[in-house]
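So the structure is just underneath, and the comments pick up after that.
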Amino acid sequence: GGVTTLADTLALRIVERGGSVRGLETSRGFIEAAAVVVTGGVWAPNLVASVGVDVPIMPVAHGQAESVPSDVRVEPTVRAFGFGFRQRPDGRLVLSAGINARMEHRLSLGATRNARLWASRYRAGRGNVRLRFDPALTLRQLRDRSRLSTGHIPVATEPPAPKRADIDAALVAVKRVMPAFAELGIGRYWSGMLDISPDGLPIIDHEAGPAGLVFVTGLSGHGLALGPAIGE
């Protein structure tokens with residue numbers, strides 16, 4: 001019994017033989033296994049593609065910020081139009097632009113996958129999605145002759161000034177609704193990746209692909225809330 005955890009280890013390829021999973025190629029070598037459970041968020045489609053499974057996920061970058069510490073305490077998580085936040089034990093707010101937050105999707109050859117499906121989704125919510133061409137990723141895809149490999153994992157960067165403006169506006173909205181936070185300032189900004197599914201619902205599967213493959217993705221920003229129940 002027991003569990004071995006490998007940190008700083010990159011999953012590169014699921015290995016199958018005879019219609020069943022045999023293990024996983026990683027940056028530290030091959031790991032033999034009769035089953036592989038993929039819970040890699042935006043990474044999941046790239047990894048399951050190594051055994052011929054196509055999962056329609058759109059990776060988007062979502063900007064957030066952390067405030068400086070505050071003595072004001074708010075117990076519930078707050079999510080509203082224009083702002084949203086949860087408070088850390090030390091009083092810092094983790095702040096976002098709330099329900100109508102704008103996210104960024106970087107266009108590359110990978111965007112041609114399931115394009116018709118995503119076109120209707122984009123038309124319905126185009127006010128909340130920024131599209132930006134990613135020339136570096138597109139060149140790597142052309143070089144590797146692949147739209148979706150584990151060498152092309154989406155990576156977030158710190159949000160640029162236009163995206164910071166959305167978060168700054170959210171802080172103004174927080175102060176307007178909750179004047180006790182009038183002196184609150186931003187400590188740091190960052191951006192993370194969300195695995196958006198076409199209907200915003202999780203994709204959980206154990207039948208697509210070889211026997212022994214299980215994958216969970218498409219939690220669309222609700223992974224921390226849904227993760228414990230899905231794991232059980």
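The values are calculated or read from the model by the stated rules, or taken from the named source; none is laboratory data. From a predicted model like this one, the values you see are computed outputs, not experimental measurements. With ideal geometry, Cβ positions are generated from the backbone for all residues, glycine too; neighbour counts draw on all protein chains shown. Ligands, DNA and RNA are stripped out before the accessible areas are found, and what is left, the full protein with its side chains, is counted by its heavy atoms. Shrake-Rupley method; radii C 1.70, N 1.55, O 1.52, S 1.80 Å.
Overview of results
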item: Carbon/sulfur fraction of accessible area - the chain, other protein chains in place, 1.4 Å, %; result: 55
item: Under the Karplus curve 6.51 cos²θ - 1.76 cosθ + 1.60, θ = phi - 60°, whole-Hz ³J(HN,Hα) for the range 82-93, x wherever Gly or Pro sits; result: x, 6, x, 6, 9, 10, 7, x, 8, x, 6, 9
item: The range 22-71 - percent relative contact order, Cα under 8 Å, separation 6 or more; result: 20
item: Mean separation of Cα contacts under 8 Å (6+ apart) over length of the range 33-151, as relative contact order %; result: 23
item: Net dipole in debye of the range 1-160 [+1 Lys, Arg Cβ; -1 Asp, Glu Cβ; about Cα centre; nearest 20]; result: 700
item: Cα gyration tensor shape for the range 77-218, rounded if a/c is under 1.5, else prolate or oblate; result: prolate
item: Accessible-area value, VAL51, 1.4 Å probe, nucleic acids and ligands omitted, Å²; result: 20
item: Dipole of the chain, positive end: most advanced residue of MET178, ALA35, LEU137 [Cβ charges, Cα centre]; result: LEU137
item: Cα gyration tensor, the range 1-145 - rounded (a/c under 1.5), prolate or oblate; result: oblate
item: Computed over the chain: relative contact order in percent, which uses C-alpha pairs under 8 Å that are six or more apart; result: 27
item: Local electrostatic count at VAL74 - Lys and Arg +1, Asp and Glu -1, tallied over other residues with Cβ under 14 Å; result: +3
item: Helix runs (DSSP H) in the chain reaching 18 Å along axis by Cα, Kyte-Doolittle at least 0.0; result: 161-177
item: Distant-in-sequence amide H partners of ARG13 (H built 1.01 Å from N, under 5 Å); result: GLU25
